[in-house]
Amino acid sequence: MSKRSWLACGAAIATLCLGVSTAQAQDDILVGLITKTDTNPFFVKMREGASEKAKELGVKFQAFAGKFDGDNDTQVQAVENLIAAGAKGILIVASDTKAIVPTIQKARDAGLLVIALDTPLEPMDAAQATFATDNFHAGELIGEWARRSMGDEAASKAHVAFIDAHESQPTVDVARDQGFMKGFGIDIKDPARRGDEDDARIVGHEMGEGSEVGGRNGMETLLQKNFDVNVVYTINEPTAAGAWEALKAAGKADGSVLVTSVDGGCPGVKNVADGVIGATSMQFPLLMASLGVEAIVEHAKNGTVPAPSEGLTFTNTGVKLVTDKPVEGLESITSEEALKICWG
Amino acid sequence: MSSDDTPHFSEHAGPGRRVINFLHGNPTIIPFLVLVIGLAIFSLIVGKRFFHPFNLSLVLQQVTVIGMLALAQTLIILTAGIDLSVGAIMVLSSVAMGQMALTLGLPPEIALLAGIAVGAACGALNGLLITWLRLPPFIVTLGTWSIFNAFVQFWSGGQTIRQQEIAADAAILQWTGTALQLGAWRLTLGSVLMLGLAGLLWYMLNRTAYGRHIYAVGNDPEAARLSGISTRRVLFSVYLIAGAICGLAGWVLIGRIGAVSPLGGGSANLDSITAVVIGGTSLFGGRGSILGTLIGALIVGFFRNGLALAGLDVLWQEFSIGCLIIMAVGFDQWLRRISN
Amino acid sequence: MAAEDLELSAALVPDAAGRQPVLAARDLHKAYGRVVAMDGADFDLYPGEILGVIGDNGAGKSSMIAALAGAVRPDSGEIWLAGEQVRFANPMEARAKGIETVFQTLAMAPALTIVDNLFLGREYRKPGFRGRWLRALDRGRMRAEARKHLSELGLATIQNIDQVVETLSGGQRQGVAVARACAFGSRVIILDEPTAALGVKESRKVLDLILDVRRRGISVVLISHNMPHVFEIADRVHIHRLGRRIAQVRPDQISMSDAVAIMTGAMPPPTDDDQGRT
């Protein structure tokens, strides 16, 4: 090609780039969502909610997820990718609430607004805002429910099994666990740590990793430790479903064991209707995600940072107790009502 | 020529040499001893709660799913390969069965067979990529692991099909969860299926020419080729069979958890490799046994169960499994080295 | 036989006892791109003899042997087995016709037993239903035959034929490999560097083993760099150079150093036309 043709090409490319960058500078807001995995319906609902809100507000949206619950590396890369892509804000459900913090700081330094969803980071103020269920309160509700359901026996004849998620004690895991204990009337000592309690009613803690398989294995092991388990706390509804299979196999699926959980997914609510789960605390992931997108767009337009709910260090997106066996003094909704607002 | 001139090779093996030769021929002795010693120690520490038929059969149930994956993995590792996608194939097969029976409305028996066929197809894909494109098994199955997981997500839409729905419309999918009471022992049909499959594979590996060829291809592919064995055909068929076994494992998984769930199976591939390695099968191919894998799976199950009942934290389970793996591989290496 | 075959087989020269060669080749050519491996190579092996094949590295003797064993297909030229012209597509066809090769690496799977290796690729199945449908191996028969073959070659003192091959010494392994080659009704056995990896004592045993093989009526092709070994047991020696046979000599009529000199080209080959015949 002749020198003139090269020059013409160069000019054209330069104009194109200039045009694109100016176009970028105007209002092309990119919001990123990073969840723990993309298999858990909770996160699927979050993604849907965020995506819809983004479309409604006319902003760009990208979703990322780790390969498994606990996969920090993929989330780190996702944050870095979003920084490089010029995102205005990140919504993140952290798999490892401590390890992700340095990367979050990088994002904040680059001017992005980081909002933690569902799982607070450690320390909580590593993110500029947290939109979450009050997981402690969620645990408290089901713990209270279990205590009131047992009545007088709760103090003397209770044998409580705990099926948590991970050995590494992520915030959401600890919060729900300790909340349940407080609601049930167990002295939790340090609310930031699980396992430091010495109440004789505790049969043990097993790690189920939030899946049915883990729930089954964990329940079996706890039954082996003490066959008289009559209260079960599970971190989420898939775990509860697995635990139920173990109870069934042990001949204890006759209603003599109170199974509690947290989440409020539609399969979980149906399990409440079927008597598999006694009570579950419903969360609102769609609300979390759409509020989060709104907040990022607001921040991109006029720099406002969302304020936490009154009296809390985070924005509470609410929790409702779902049970078909309501107890006096504790507000709850039935499974039928819950089916209308459940997710997944 | 007189008979003194006929050549002969003297064979005066000392006692040390004889022990080594014995171990060479029967490498499964070591994992078996580890299992027995482990059972003894936990019985002492935990007591009757551990060494009771109910608990022992419980552990058998708990290791059944991983055990089936480990059987598939054994065949592959014997050919000096490895399969990181076994867990994903299993979950994909179970999702296929569930979705075909409940969402697509196929007759449950057809859905069951089709699900197993999906597993076989995944295995065939692995086999094709490895034999045709001659790519290393580790890399291939690393890739197909992600690909199959993506299909799981796609096909299930992230949804779990609940136990009650399956019980209502496709109960056969939960058949492997049916319990069998034999005296104080409580087995599931899934465990029986696994043991039966193990027996079948044992027969195939030890009593048929095909089994000998699998060992030969893993131990010395050049020698196998020069003996007229089609190494490509052997390798492809092994991956295909393994995929079908993973499909069967998907059926057993549904029986165990009652539901069809896209969760789970995450670390199943590594767990299956753990069982195979602790059972004495060499990652370098050509050495190992089905019995060893069963023992390896049981060792992992009993250690987890025993340590949990002894009240120790979950992290000690991980620690001990890690130690067992290293000891097993170290022992295999030592055996190989002193034979040269 | 076609007229063409008759004409060419007239080129096959019988030995002093009037026997035709059991394995012969004429005018073999093979090139890999610009590299010429065989440049009109000839070959004669007479029944019941041990033929030593010597040649420098790169002389092309491996290609010629590979062609005779069916591992390589020559671009042109003819090969005869027991007077009949043959063309092998792969080593299995050569093996089926009775040409067995014992490779330098022995081609035995170290973790498999002696019996397994002996019958690798040609296992016996049990008769009837169990063999056809259950595909059961006839291990009893294979073990009995393995023991028979080993003792025929004087290897009876390998006590345990269910021993894995890697626990055997180098010489024992060589013995098992040779026993495998003899076991399936072979007419010709090709041994590629059988003593290369062995010490003095074990080499001695292997050489005696080769003599035993000849005693059983099998013709042996012995490829070796070890001149003393070749000169000790070979009846004739085939000298290969630059892709073709340049001489056939008898060890009792020529010195080792002269043979080496011919092999390297330092000395011209003998002009007499008796081809080293007995």
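Here is how the numbers come out for the structure above:
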{"item": "Whichever residue in the range C:109-127 is part of a loop (DSSP other than H, G, I, E, B) and more than 7 Å from every other protein chain (Cβ to nearest Cβ) and, among such residues, is farthest from B:I214 (Cα to Cα)", "result": "C:P127"}
{"item": "Per-region count, the range B:304-323, residues touching a Phe, Trp or Tyr at 6+ places or on another chain (Cβ under 8 Å) and assigned to a helix (DSSP H, G or I)", "result": "7"}
{"item": "Residue match in the range B:234-242 (condition: surrounded by fewer than 23 Cβ atoms within 10 Å (Cβ to Cβ), away from every other protein chain (no Cβ under 12 Å) and closer than 30 Å to B:I161 by Cα)", "result": "yes"}
{"item": "Hey, C:A144 buried (at least 23 other Cβ atoms within 10 Å of the Cβ) and either within 10 Å of another protein chain (Cβ to nearest Cβ) or in a helix (DSSP H, G or I) (or both) or not", "result": "no"}
{"item": "Test set (1) out of contact with any Asp or Glu (no Cβ under 9 Å at 6 or more places or on another chain); (2) within 9 Å of another protein chain (Cβ to nearest Cβ); (3) buried (at least 24 other Cβ atoms within 10 Å of the Cβ); (4) not aromatic (F, W, Y) - B:A275 fails condition number", "result": "(2)"}
{"item": "Residue within the range A:164-186 that is farther than 26 Å from A:N226 by Cβ, among the aliphatic types (A, V, I, L, M) and in the same structural domain as A:V231 (by TED's automatic domain parsing) present", "result": "yes"}
{"item": "Test: residue in the range B:190-201 that is more than 10 Å from every other protein chain (Cβ to nearest Cβ) and among the hydroxyl-bearing types (S, T, Y)", "result": "yes"}
{"item": "Those residues of the range B:168-207 which are part of a loop (DSSP other than H, G, I, E, B) and farther than 30 Å from B:G105 by Cβ, in sequence order", "result": "B:G183, B:A184"}
{"item": "From the options A:T74, A:T97, A:T119, residue that is hydroxyl-bearing (S, T, Y) and free of Cβ contacts under 8 Å to residues at least 40 places away in the same chain", "result": "A:T74"}
{"item": "Total residues in the range A:266-297, condition out of contact with any strand residue (DSSP E or B) (no Cβ under 9 Å at 6 or more places or on another chain) and either more than 14 Å from chain B (Cβ to nearest Cβ) or buried (at least 23 other Cβ atoms within 10 Å of the Cβ) (or both)", "result": "2"}
{"item": "Hits in the range C:94-108 - residues which are at the interface with another protein chain (Cβ under 10 Å from one of its Cβ atoms) and touching a strand residue (DSSP E or B) at 6+ places or on another chain (Cβ under 7 Å)", "result": "C:T101, C:F103"}
{"item": "C:R173, sole failed condition from (1) away from every other protein chain (no Cβ under 11 Å); (2) touching a Leu at 6+ places or on another chain (Cβ under 9 Å)", "result": "(1)"}
{"item": "Which numbered condition B:P262 misses (of (1) part of a helix (DSSP H, G or I); (2) over 30 Å from C:T101 (Cα atoms))", "result": "(1)"}
{"item": "Residues that are surrounded by fewer than 15 Cβ atoms within 10 Å (Cβ to Cβ) and within 14 Å of chain C (Cβ to nearest Cβ), drawn from the range B:26-60", "result": "B:N26"}
{"item": "In the range B:157-167, residue surrounded by the most Cβ atoms within 10 Å (Cβ to Cβ) [restricted to those that are facing chain A (nearest Cβ under 8 Å) and assigned to a helix (DSSP H, G or I)]", "result": "B:Q163"}
{"item": "The range A:218-265 - residue that is among the hydroxyl-bearing types (S, T, Y) and either under 28 Å from A:D118 (Cα atoms) or within 13 Å of chain B (Cβ to nearest Cβ) (or both) and, of those, surrounded by the fewest Cβ atoms within 10 Å (Cβ to Cβ)", "result": "A:T221"}
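The values are calculated or read from the model by the stated rules, or taken from the named source; none is laboratory data. Just so you know, these numbers come straight off a predicted model, no measurement behind them. Glycine also receives a Cβ, built like all others from the backbone with ideal geometry; neighbour counts cover every protein chain displayed.
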